[in-house]
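Any read-out appearing in this document is the output of simple, stated calculations on the displayed coordinates, not a laboratory observation. Every value quoted in this text rests on a predicted model; they were computed, and no experiment measured them. So basically every Cβ, Gly included, is an ideal-geometry build from the backbone, and we count neighbours across all protein chains shown.
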Amino acid sequence: MKTNNKRNSTILMLNDPTYLKIFMAFIGMIITFAICCGIYYGCNAGMSHSARGQQTRRFALSSLMVWIPLAIIGVRPNLPVAMAAVTGVAWATTYPLLYHLTNRRKSPDYENYGEIACGIYIFGLAAAVGMIGGGMIVAVAEWALLMVSLSLAVYYRLYGTCIDANGMKILQDSHPNEIIEFARSYSWWKVALLLVAIVALLAGVVMMNIRSGVALEPWRIAVAALAALVFAWYMFKPRRGMFQRSGIVRLWLDIKEYSANDKRYVTEMERRLKDLNVRPLGKPFGKPSTIMMVIGESASRDYMSAFTKMDHDTTPWMRGMAEDKEHCVLFPNSYSCAMHTVQSLEKALTEYNQYNGRQFYDSCSVIDIAHKLGYRVHWYSNQGHLGANDTPITLVANTAEVAKWTKQDLGKVQYDESLVDFLDELDPAENNFLVLHLKGSHFNFLNRYPADRTVWGKQGVQDNVLNFENSLRYTDDVLRQFYEYASKRLNLQAMVYFSDHATIPDRHRSPNFAGFGDVRIPLFVCFTDEYMACHPDRIEALKANKDAFFTNDLAYELMCGIFDVESNHFDESSSLASKTYRYTRDDLTTYEGKARIADDK
C-alpha cells in the first residue's frame, strides 16, 4: 500500500504544472551544461587542468543562472524558445569550431570560451525578453547574431580558414565600392539568391518570435524583466562582459584598437618632425624639378612582359624603357612585405618595416623627407578615401600639401587614367614630389580598364587571366602618360614604380599567405641625364643592385636614397640606392616575417 502511495504521489507531482516546469528546467540545465562542455572540450587544445576546471564551473553556474529564473517564470517549449536556443548554440559553436578546424594541426594550445558562456546568456536573454512581449526586438538581435555566425561559416568555406587579424583588418578597411565589385564578380543570380536568403532568414526569425509574448502574472513579468537585465549586464558589462570576451568580438575590437593606435601618427607628428634631420647630398638640379613615385595595385611581375617572357606583351612601354639600361633599371627580385594594401603600404611609405622593430605611428615618412628638402608634395589617388575610418595610407597622404582622391561614387568605376587630369595642378616653377596611387589590377580585373581598351579576349566577358593581363596593359599605358607629361612639363628627374602586392589571377584571393605568387611585385626606376650627373653614386648603386632581393617595406629607404640624403631617420644599408645595401635573399621575409623569401623556389 505504501509503495502505491509513493508511486501515486510521484505521478501527481509530474502532472502538477509547477513540478513539471521545474523538471523541464532541470533537464534544460543539464542539456545546456552538456552542450557547453562538449563544445569547450572538443574545440580547444592544450588547456591546463585549472583552466578546464574554471570553465566547467563557469558553464555550470551560467546554466544554473539562466534556467532558475526561466523555471520560476514558467518557460515552456515553443517556437520563440527554440529560436533562442538555436541562436545561442550557433553563437557558442561557430567561432570556436572554425578556429579549431583552422589551428588544430599547427598550434598546441588555444582556448575560446567567451562565445560558449555568451551563448548561454543569449538564450536566457532572448527567452526572457520574448516572454514579456519583446519578440520583434529579439528577432532583429537573433538575426544579427545568426548573420555573424553564417558569415564566419561562409568565410571559412571561401578561404579554408577561420577569420584572423589579416582578414578582419581587410574587412574593416574595405571601401564600399570594393564590396560592390566583389559581389559583381559572381553571377547575378547567386547574388540575388544570397540577398533572398538574408531576407528569408530575417522573415523566418520574425515569424518564430511574432507570438513570443505570453499572459503572465505581474510578479512573473517582474522576474522576467529582472532576469533579462541581469543577463544583459553580464553579457555587456564594461571590459569584462561575456560578449566582449567572445573570440570574434575580441578580434574585431583588437583591430579597431590597432587602427585607433595608428591615429597616433598624427598626434605625434610634431615630435617626429622636430627630431628629423635631413641633409641633401649630391649637386642640386639646375632648375625646379619633380620626383615621381607611382604605387601600383595587385600587379604581378609574373604576368608582366618587362619581367617575364610571355606570349602577350602586357607591358610594352615598360619593356621598351628597360631596354635603355643607361636610364632605367628593372628589379626582377622584388617582393611585397604583405598580401594586402594597408599592411604593405603602411611600411612602404615609412621607416616602419619587418626588420627594424619600429611602429607605424612613430616612423617618419617619405613625405616628411620630401618636406625637409623643400619639395611641395602632391598625393593623388584612385583608391577610395575612407574618411573617418582613415587607414595608415590616408594618414600619411594627408600630410601632403595637396592630397586628393578621385570621386568614388558607389557602384561607379573610376579608371586610373583620370589621375592624369590632376597633373595640371603641379607648378613647374616649384620642386615637386608627386605620389600617384593607382587602382591598377585590383579585383575585379574586368573593371580596371575601359572596354574599348581590351586587347585579349572579348569585351565585357569575365576571364580572370585575360582580364588581369588587359589591366596590366592598361596600367602600362597610364604609366607612359604620367612619364611623358612629367618629362615635358614638370622637369621630371626620377620615376619609381612598384606595386603594393601581387595577385594570382586564376586563383581565389586569400586573406592569408597562399604562396609567393601573391607577393612577387614589379619595381622599376628611371632617371634623366641630369639626375645621373648630380647623383652618380646613387645611380651606380642602383645598377649594381639590380639583381638584389628586395621587399617593398624598404621602399622608404629606396626613396631616401633617390632623394640622395643623409638623415638620422634613414638607414643607408637598407636602401637599394646605396653601395652598402646589406639584404640578401636569406635575410628577407614577407607576411609579417612568417614566410622567408629564400623559400620561393
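List of remarks:
- Note on residue 154 and residue 197: their simple-model spin labels are 0.7 nm apart, each label 7 Å out from Cα toward Cβ.
- Calculated FRET efficiency for the pair residue 402/residue 488, C-beta based, R₀ 25 Å, to 0.05: 0.75
- When GluC sites (Glu not before Pro) are flagged only if DSSP places them in a loop and at most 12 other Cβ atoms lie within 10 Å, the longest unflagged stretch of the chain comes out as 1-322.
- 473, 250, 279 arranged by Cβ crowding within 10 Å, fewest neighbours leading: 279, 250, 473
- Put in line by how crowded their Cβ is, counting other Cβ atoms within 10 Å and starting with the fewest, 168, 318, 269 read 269, 168, 318.
- Going from the residue with the fewest nearby Cβ atoms within 10 Å to the one with the most, 526, 364 rank 526, 364.
- In nm, spacing of pseudo-spin labels at residue 136 and residue 260 (7 Å Cα→C-beta vector): 3.3
- Taking the Cα centre of the stretch 473-601 as origin and assigning +1 to Lys and Arg Cβ atoms and -1 to Asp and Glu Cβ atoms, the resulting dipole is close to 420 debye.
- Cysteines (scope the chain) whose Cβ has no counterpart Cys Cβ under 4.7 Å: 36, 37, 43, 118, 162, 337, 364, 534, 560
- The calculated FRET efficiency for residue 420 paired with residue 599, based on their beta-carbon distance and R0 = 41 Å, is about 0.55.
- Efficiency of FRET from Cβ geometry, residue 174 and residue 358, R₀ 22 Å, rounded to 0.05: 0.25
- Model label points for residue 462 and residue 76, set 7 angstrom from Cα along the Cα-to-Cβ axis, are 5.1 nm apart.
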